[in-house]
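The structure under discussion appears below in the form of structure tokens.
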Amino acid sequence: MPYKNKTLATALALSLGGLGAHRFYLHGGVDRIGVLHACSLPVAGLLYTRTDGGVDVFFALLPLLVSYIAAFIAALAIGLTPDGKWDARFNTGAAKRTESTWILAVLLVATLMVGATVLIATISRLFDLMYTGGAYG
């Protein structure tokens, strides 16, 4: 079993998590949740091409936004997992042991900043469209 780097998994969840990169890195190419993340992009593209001006673009991009929000939560869960527990789950046969560094802390702060911003912006735009019909943007 190859060594799984916790910092790399957190970085993948932060940057490409909406496409399932962190899931494929940790669980292989047949991970069902990773495939669900990867399907969010074609679904958003299909909805975007079908809008024809009748539906707001936000609703077309909502599957991708939800996938990224879930990936930000996963990045926090991955990064905050204690090193011993991480090694017990993902690095049982590996000789190398996980040692978290300051890079992981920076990634966690960035994940929290970006994730909270995306979540709050998504909620506020959704409420704007639902209750005012998009009067504020």
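The values are calculated or read from the model by the stated rules, or taken from the named source; none is laboratory data. A quick note: this is a predicted structure, and the numbers were derived from the prediction, not measured. Please note: Cβ atoms are built from the backbone with ideal geometry, for glycine as well, and neighbour counts cover all protein chains shown.
Would it be correct to say that residue 35 is out of contact with any helix residue (DSSP H, G or I) (no Cβ under 7 Å at 6 or more places or on another chain) and under 30 Å from residue 93 (Cβ atoms)? Considered against the rule, which asks whether it is out of contact with any helix residue (DSSP H, G or I) (no Cβ under 7 Å at 6 or more places or on another chain) and under 30 Å from residue 93 (Cβ atoms), residue 35 comes out as yes. On the stretch given as the range 36-73, residues that are assigned to a helix (DSSP H, G or I) and farther than 27 Å from residue 109 by Cα total 12. Here residue 28 meets the list (1) at pLDDT below 95; (2) crowded, with 16+ Cβ neighbours inside 10 Å; (3) within 30 Å of residue 7 (Cβ to Cβ) almost entirely, failing just condition (2).
Got a number for residues in the range 84-107 being exposed (fewer than 14 other Cβ atoms within 10 Å of the Cβ) and either over 18 Å from the mean Cα position of the chain (by Cα) or in contact (Cβ under 8 Å) with a residue 12 or more places away in the chain (or both)?
Number of matching residues: 14.
Taking the conditions (1) more than 30 Å from residue 55 (Cβ to Cβ); (2) touching a helix residue (DSSP H, G or I) at 6+ places or on another chain (Cβ under 8 Å); (3) not in a helix (DSSP H, G or I); (4) not aromatic (Phe, Trp, Tyr) in turn, residue 96 satisfies each one other than (2). Can you find a residue that is surrounded by 15 or more Cβ atoms within 10 Å (Cβ to Cβ), more than 25 Å from residue 116 (Cβ to Cβ) and within 15 Å of the chain's Cα centre (by Cα) anywhere in the range 48-66? No, the range 48-66 contains no residue that is surrounded by 15 or more Cβ atoms within 10 Å (Cβ to Cβ), more than 25 Å from residue 116 (Cβ to Cβ) and within 15 Å of the chain's Cα centre (by Cα).
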